[in-house]
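Read the figures in this text as sums done on the coordinates, not as results from a lab. Here the structure is a predicted model, which means the values were calculated and not measured. In this analysis, Cβ positions are derived from the backbone assuming ideal geometry, glycine residues included, and neighbour counts consider all displayed protein chains.
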Amino acid sequence: MKILILPGDGIGSEIVGQAVRVLEKFKSEGVPITLSHGHLGGAAYDAHGHPYPEATQQLARDADAILLGCVGGPNYDTLPRALRPEQGLLGIRKDLKLFANLRPAMLFPELVASSSLKPEIVSGLDIMIIRELTGDIYFGQPRGRRTNAAGEDEGFDTMHYARSEIERIARVGFEAAMKRGKKLCSVDKANVLDTSILWREVVTEMGKHYPEVQLSHMYVDNAAMQLIRAPKQFDVIVTGNIFGDILSDEASMLAGSIGMLPSASLDANNKGMYEPIHGSAPDIAGMDKANPLATILSLSMMMRYTFGRDDLAARIDAAVRSVLASGKRTGDIADINCQLVGTKAMGDAVVSAI
Ligand code: IPM
Ligand code: MG
């Protein structure tokens, strides 16, 4: 298992540090893990003058899997767009063809009180959001700034999806549904966007190959509402890059905290980059306050999806469950009866539970 560690910016090194301890624990048991380390985002800009430098590209291509912390920070806000930390993240996703982004939103029973919704609406929640990650308006050309016919400054971006891009992400959606509750909801904006009209056609055609999957379609605005109204109606959601970006943040609140949600970004061969879905939280960076559980749970996804080690994944999941059951909480998931702990103490607890 050649694993590249990219802590990134802000709280990245703190949360990734705790996940690395889990890997070291496995390694000490004889699991064949080799770690390499690199920079991405603002940290890479500081070290190499680019958010996804050549050195990181090499390391990324050599690795079987990548564990990423998070990128971004106020120091980099005034850089030109091409040099901003976010471009490092988008660059590595595109370079490695990590088109399938899996973002589970599941609520640990111990965290029911941390969700912003009533317990009866969210308890037992277990949704998988599958977001296309290398296309859409995020990467569409042309884009840029120009002066329009009226002489006014304008910004523009292009949304597009090719049939093959829709087919391959839809396939991931259908396959995931087959392994879960056999329900797939495709989210689009086909009442307005041409891109979405094609999206819906292609997903519908693909559905014919998966007669056991109950396929539905939903407009993204309605999906945003339904996620809050009755989130348990969903099993697997498949959607494009920008809609998935937005809906997965929304869904994270159902799960108690964005600090709990892992993600996997996979290529066609299950090589993957694994990262928490939250950002770099510069306001609490270096303060030992960040929740490392989303990062640790991202490792669990890595063991499952890239390495086929469901046994190791299950041990990570069980350890996280038992730590939550013991009442330990970082600030983002704290409740009145809990034992408030910092990033490192949370890592200690998980490692010893493993
Ligand atoms: C995410 C993030 C990124 C995205 C940003 C940091 C570029 O919000 O992973 O969801 O928009 O994809
Ligand atoms: Mg996002």
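How about segment 8-91: which GluC sites (Glu not before Pro) there lie in a loop by DSSP and see at most 14 other Cβ atoms within 10 Å?
Taking segment 8-91 and a limit of 14 other Cβ atoms within 10 Å, the loop GluC sites (Glu not before Pro) found are Glu29.
Identify, among Asn148, Pro282, Val122, the residue whose Cα sits farthest towards the positive end of the charge dipole of the chain, taking +1 on the Cβ of Lys and Arg and -1 on the Cβ of Asp and Glu, with the dipole about the Cα centre.
With unit charges placed on the Cβ atoms, the residue in question is Val122.
Take each of the peptides 60-71, 314-325, 140-151, average the number of other beta-carbon atoms within 10 Å over its residues, and list them starting from the highest.
Result, highest mean first: 60-71, 314-325, 140-151.
Using a cut-off of under 16 Å, list every residue of segment 25-64 whose amide N is near the label point 7 Å from the Cα of Asn269 along the Cα-to-beta-carbon line.
What the label zone holds, given the 16 Å backbone N cut-off, is 58-64.
Please turn the phi angles of segment 74-82 into ³J(HN,Hα) values with the Karplus equation 6.51 cos²θ - 1.76 cosθ + 1.60 (θ = phi - 60°), one per residue in order, whole Hz, x for glycine and proline.
Along segment 74-82, the couplings run x, 4, 9, 5, 9, 5, x, 3, 5 Hz.
Using the Cα atoms of segment 85-146, I'd like the radius of gyration and the largest Cα-Cα distance, Dmax, both in angstrom.
17.3, 52
For Cys185, enumerate residues with amide H under 5 Å from its amide H, sequence gap 5+ or separate chain, H modeled in the peptide plane.
Correct list: Ser216, Asp235, Val236, Ile237, Val238.
Using the Kirkwood formula over every pair of different C-alpha atoms, what hydrodynamic radius in Å results for the chain?
20.8 Å is the Kirkwood radius here.
Quote the Stokes-Einstein diffusion coefficient, in whole µm² s⁻¹, for segment 27-131, based on the Kirkwood radius over alpha carbon pairs, a temperature of 4 °C and a viscosity of 1.567 mPa s.
78
In nm, what is the difference between 0.36 nm times the number of residues separating Asp77 and Gln233 and their Cα-Cα distance?
52.3 nm
Plugging the Kirkwood radius over Cα pairs into Stokes-Einstein for segment 101-266, at a temperature of 10 °C and a viscosity of 1.306 mPa s, what D comes out in µm²/s?
95
Sorted by mean Cβ packing within 10 Å, highest first, what order do the peptides 113-119, 195-201 take?
The most tightly packed comes first, giving 195-201, 113-119.
Expected output is a single nm value to one decimal: the length gained when fully extending between Glu24 and Asn148, i.e. 0.36 nm times separation in residues minus the C-alpha distance. What is it?
39.0 nm
Collect residues whose amide H, placed 1.01 Å from N in the peptide plane, falls under 5 Å from the amide H of Ala105; neighbours closer than 5 in sequence don't count.
Ile127, Met128, Ile129
With +1 assigned to the C-beta of every Lys and Arg and -1 to the C-beta of every Asp and Glu, and no other charges, what is the dipole magnitude of the chain about the Cα centre in debye, to the nearest 20?
740
R0 = 22 Å: FRET efficiency of Asp46 with Lys94, Cβ-based, nearest 0.05?
Calculated value: 0.50.
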